[in-house]
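Written out below as structure tokens is the structure these notes cover.
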Amino acid sequence: MNSLIAYFSAASLLFLAAAAGSNRNSTTQPGREPKIAFAMKRDAQYQIYSMDAYGRRQTRLTATAYQERFPVWSPDRKKIFYGSGQTDRWELWVMNSDGSSPMRLTSGIIAKSPRSWSPDGGRVFFASNRSGNREIYSIRTDGTQLTNLTNNAAEDDTPSLSPDGSRIAFESSRDGNREIYVMRSDGSQQQRLTNTPAEERSPAWSPDGTRIAFTSTRDGNREIYVMEPDGQRPTRLTRDDANDDIATWSPDGSRIAFQSVRGENYDIEVMRPDGSQRTRLSTSPRYDGQFSWSPDSKLLAFISGREGFDGVYVVGVDGSETTRLTKQASLNPAWSR
């Protein structure tokens, strides 16, 4: 039964293409069908692979004796930024999207997970504890001009680049508890947006740049909020006994996906930006998370342990068409744009 779910027969694929093709490829240009980059453990270590939205054409992109994980596509889909364990620290590497020309960008960074590419693809923004505490850095994609943007003794983390690339929202403990701040993309004009005794974390810009989603414990447990880019009009979106976190906007801005945790159970849910039409996409008793939006905002790729190991799945935004794409242990799915 599992093999039928993971790998469809040719007849099943034709049926799905007709019945659900509108969810997979209808808005893409010929030759630019979206791909999913991910880490898979076929041998002793996780390596970076890519595949299409059906799990077909799985292509190995890295081939080292070390852990290779956390892929992120460049805006033009020509490159993939990833974390590598080739030294005693996780370093940042970049390669062409076909796996050619891998190049190490950093030394002594200790940054597992890259965060944001600039819109022009020229710089990458990420957090690292290189200096002993978490700071936010940027670096050119040729490995030059590594810049510490926050440069203070506090913990600065989870940078989110605005859609136009001009500003970065981030969380910082510089005033005691975690709060949300914003700065220019060169590190100037750092400004505090939230001011509560609670923990304010995980900011995420809306695709049109008019709102920032974030997580807060100001009303007890972790809930999702949105606010304007100047910190005004904070609005609570989720209201339940779960801990809701990691708000992620769909590319078209019509929905927010987030992680919802009840006890030891991790699920994925989506809602409208006003908190309405909340839908749970995963209901397994195992971990479901590490989600990534498809470029047409109709699907999410995610990790689930429901089959006894972490595999990559896709699901429609209405909770339908949940499909397993990988048969081996897999992590960190990231959809191209």
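The values are calculated or read from the model by the stated rules, or taken from the named source; none is laboratory data. Predicted, not measured: the structure shown is a model, and the values here were computed from it. Positions of Cβ are backbone-derived with ideal geometry, glycine not excepted, and every protein chain shown enters the neighbour counts.
The residue of region 243-275 that is modelled with the highest pLDDT, among those that are over 19 Å from residue 318 (Cβ atoms) and among the polar types (S, T, N, Q), is 243. For region 149-166, a residue qualifies if it is of a type in the set (A, V, I, L, M, F, W, C) and surrounded by 20 or more Cβ atoms within 10 Å (Cβ to Cβ), and the qualifying residues are 149, 161.
If residue 99 meets every condition in (1) out of contact with any Leu (no Cβ under 6 Å at 6 or more places or on another chain); (2) in contact (Cβ under 8 Å) with a residue 40 or more places away in the chain; (3) surrounded by fewer than 19 Cβ atoms within 10 Å (Cβ to Cβ) apart from one, which number is that one? Single failed check for residue 99: (1).
When 185, 172 are screened for being over 17 Å from residue 116 (Cα atoms), under 23 Å from the mean Cα position of the chain (by Cα) and not β-branched (Val, Ile, Thr), only 172 passes. Listed residues 282, 292; which is part of a loop (DSSP other than H, G, I, E, B) and surrounded by 20 or more Cβ atoms within 10 Å (Cβ to Cβ)? Answer to the check: 282. For region 80-97, the set of residues classified as over 18 Å from residue 59 (Cα atoms), part of a loop (DSSP other than H, G, I, E, B) and in contact with a Phe, Trp or Tyr (Cβ under 9 Å, 6 or more places away or on another chain) consists of 85, 86, 87, 90, listed by residue number. Among residues of region 142-163 that are within 28 Å of residue 207 (Cβ to Cβ), none has a beta-carbon under 6 Å from a residue that is charged (D, E, K, R) and exposed (fewer than 15 other Cβ atoms within 10 Å of the Cβ) at least six positions away or on a different chain. So, residue 196, is that one without any contact (Cβ under 8 Å) to a residue 40 or more places away in the chain and among the hydroxyl-bearing types (Ser, Thr, Tyr) or not? Considered against the rule, which asks whether it is without any contact (Cβ under 8 Å) to a residue 40 or more places away in the chain and among the hydroxyl-bearing types (Ser, Thr, Tyr), residue 196 comes out as yes.
Within region 62-89, if we keep just the residues that are hydroxyl-bearing (Ser, Thr, Tyr) and within 18 Å of residue 127 (Cα to Cα), the residue that is surrounded by the most Cβ atoms within 10 Å (Cβ to Cβ) turns out to be 82.
Within region 150-176, the residues that satisfy the criterion of being within 11 Å of residue 135 (Cα to Cα) and β-branched (Val, Ile, Thr) are 150, 158. Considering region 310-337, the residues that are outside any strand (DSSP E or B) and β-branched (Val, Ile, Thr) include one that is nearest to the chain's Cα centre (by Cα), namely 317. Scoring residue 254 on the criteria (1) among the hydroxyl-bearing types (Ser, Thr, Tyr); (2) closer than 16 Å to residue 204 by Cα; (3) touching a strand residue (DSSP E or B) at 6+ places or on another chain (Cβ under 6 Å) leaves a single failure, condition (3). Restricting attention to region 86-140, which residues are polar (S, T, N, Q), more than 19 Å from the chain's Cα centre (by Cα) and at pLDDT 90 or above? Once the filter is applied, which keeps residues that are polar (S, T, N, Q), more than 19 Å from the chain's Cα centre (by Cα) and at pLDDT 90 or above, region 86-140 yields 96, 100, 101.
Applying the criterion of being of a type in the set (Lys, Arg) and assigned to a loop (DSSP other than H, G, I, E, B) to the residues of region 258-279, the residue that is surrounded by the fewest Cβ atoms within 10 Å (Cβ to Cβ) is 272. Within region 312-326, the set of residues being of a type outside the set (S, T, N, Q) and out of contact with any Phe, Trp or Tyr (no Cβ under 6 Å at 6 or more places or on another chain) comprises 314, 315, 316, 317, 318, 319, 321, 325. In region 167-257, counting only strands (runs of 3 or more DSSP E) that sit wholly within it, the ones holding 2 or more residues that are polar (S, T, N, Q) and surrounded by fewer than 20 Cβ atoms within 10 Å (Cβ to Cβ) span 243-249.
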